[in-house]
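Asks: Let me begin by handing over the structure; questions about it come next.
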Amino acid sequence: SAVISQKPSRDICQRGTSLTIQCQVDSQVTMMFWYRQQPGQSLTLIATANQGSEATYESGFVIDKFPISRPNLTFSTLTVSNMSPEDSSIYLCSSSGGSYNEQFFGPGTRLTVL
Amino acid sequence: EDQVTQSPEALRLQEGESSSLNCSYTVSGLRGLFWYRQDPGKGPEFLFTLYSAGEEKEKERLKATLTKKESFLHITAPKPEDSATYLCAVRGEGAQKLVFGQGTRLTINP
């Protein structure tokens, strides 16, 4: 199974600023995913990031607000732009490719916007 | 649109008291039903994948089963360390993304 790390693990940010979250996988993977988990809620997919192509965003999420980079097969970043308190959430990175094509998740980044 | 509904939202059991968690789903062409465990402050941890009705998977005190409309996660003689939120997700035909349910928050009292 893939081992995924995220940086930072948590941050407190001011309204109107931006934060970039890094996701590193210990092996090469084709697909990486970014999820949001709001307090007490389940996971909602933000976008799918494939290496060498533009990210695919889910309904309700736009590139200007959540730009994503995928420079190689082991790394991706998610930026949360022009933050507001409603962006306070846990942001999770995942990759697919296990024996059952399951997704493995990173530990998450807990973001608080004041 | 693919949908997943989990019940109950929360369940509190005594140590050793067996029970089941439910995951009802609607999906266009099931390509996998996934169970995850999530501890507070951590990312989801993969438990099982089920692909077809009648399939069962077991791991320690947990057993997952699947029908055409729902999946059950049976927990036998649970221990306090089994306390966590259990998430169910599905992947539909032609999709790579997972659609998650709201989760069941399980608490096992010693």
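The values are calculated or read from the model by the stated rules, or taken from the named source; none is laboratory data. Small disclaimer: the values here were computed from a predicted structure and weren't measured. Positions of Cβ are backbone-derived with ideal geometry, glycine not excepted, and every protein chain shown enters the neighbour counts. The area values use the complete protein model at the heavy-atom level, side chains included, leaving out ligands, DNA and RNA. Shrake-Rupley method; radii C 1.70, N 1.55, O 1.52, S 1.80 Å.
Asks: Restricting to segment B:8-51, and then to whatever is touching a Leu at 6+ places or on another chain (Cβ under 9 Å) and open to solvent by 60 Å² or more (accessible area, probe 1.4 Å), can you tell me which residue is nearest to residue B:83 (Cα to Cα)? Outline the logic, then answer.
Replies: So the first thing to find is which residues in segment B:8-51 are touching a Leu at 6+ places or on another chain (Cβ under 9 Å), and the list is B:8, B:10-13, B:19-23, B:25, B:27, B:30, B:32-38, B:43-44, B:47-51.
So of that shortlist, the ones also open to solvent by 60 Å² or more (accessible area, probe 1.4 Å) come out as B:12, B:51.
Values: B:12: 9, B:51: 26 Å.
This residue is B:12.
Asks: Quick check, is residue B:101 in contact with a Cys (Cβ under 8 Å, 6 or more places away or on another chain) and either at pLDDT below 95 or surrounded by 20 or more Cβ atoms within 10 Å (Cβ to Cβ) (or both)? Let's see the steps before the verdict.
Replies: Numbers: in contact with a Cys (Cβ under 8 Å, 6 or more places away or on another chain): yes; either at pLDDT below 95 or surrounded by 20 or more Cβ atoms within 10 Å (Cβ to Cβ) (or both): yes.
Against the criterion (in contact with a Cys (Cβ under 8 Å, 6 or more places away or on another chain) and either at pLDDT below 95 or surrounded by 20 or more Cβ atoms within 10 Å (Cβ to Cβ) (or both)), residue B:101 qualifies.
Asks: Filter segment A:92-102 down to residues that are at pLDDT 90 or above and of a type outside the set (Gly, Ala, Ser), then give me how many there are.
Replies: Counting residues in segment A:92-102 that are at pLDDT 90 or above and of a type outside the set (Gly, Ala, Ser) gives 2.
Asks: Shifting gears a bit: Among the residues of segment B:9-22, is any in contact with an Asp or Glu (Cβ under 7 Å, 6 or more places away or on another chain), of a type outside the set (D, E, K, R) and modelled with pLDDT of 95 or more?
Replies: Among the residues of segment B:9-22, at least one is in contact with an Asp or Glu (Cβ under 7 Å, 6 or more places away or on another chain), of a type outside the set (D, E, K, R) and modelled with pLDDT of 95 or more, which makes the answer yes.
Asks: Let me ask something additional. Report, by residue number, each residue of segment A:1-23 that is under 16 Å from residue B:42 (Cα atoms) and surrounded by fewer than 16 Cβ atoms within 10 Å (Cβ to Cβ).
Replies: Of everything in segment A:1-23, those that are under 16 Å from residue B:42 (Cα atoms) and surrounded by fewer than 16 Cβ atoms within 10 Å (Cβ to Cβ) turn out to be A:3, A:5, A:7, A:8, A:9, A:10, A:11.
Asks: Scan segment A:50-106 for residues that are open to solvent by 20 Å² or more (accessible area, probe 1.4 Å), within 11 Å of the chain's Cα centre (by Cα) and within 10 Å of chain B (Cβ to nearest Cβ) and jot them down.
Replies: A:90, A:105 - these are the residues of segment A:50-106 that are open to solvent by 20 Å² or more (accessible area, probe 1.4 Å), within 11 Å of the chain's Cα centre (by Cα) and within 10 Å of chain B (Cβ to nearest Cβ).
Asks: Read through the list (1) away from every other protein chain (no Cβ under 14 Å); (2) surrounded by 15 or more Cβ atoms within 10 Å (Cβ to Cβ); (3) at pLDDT below 95, then give the number of the only condition that residue A:113 fails.
Replies: (3)
Asks: Counting only residues that are touching a Lys or Arg at 6+ places or on another chain (Cβ under 7 Å) and assigned to a strand (DSSP E or B), which one in segment B:1-24 is farthest from residue A:33 (Cα to Cα)?
Replies: Looking at the filtered set, the residue picked out is B:10.
Asks: Scanning for something open to solvent by 20 Å² or more (accessible area, probe 1.4 Å), within 14 Å of chain A (Cβ to nearest Cβ) and either hydroxyl-bearing (Ser, Thr, Tyr) or part of a strand (DSSP E or B) (or both), does segment B:62-84 turn up at least one residue?
Replies: There is no residue in segment B:62-84 that is open to solvent by 20 Å² or more (accessible area, probe 1.4 Å), within 14 Å of chain A (Cβ to nearest Cβ) and either hydroxyl-bearing (Ser, Thr, Tyr) or part of a strand (DSSP E or B) (or both).
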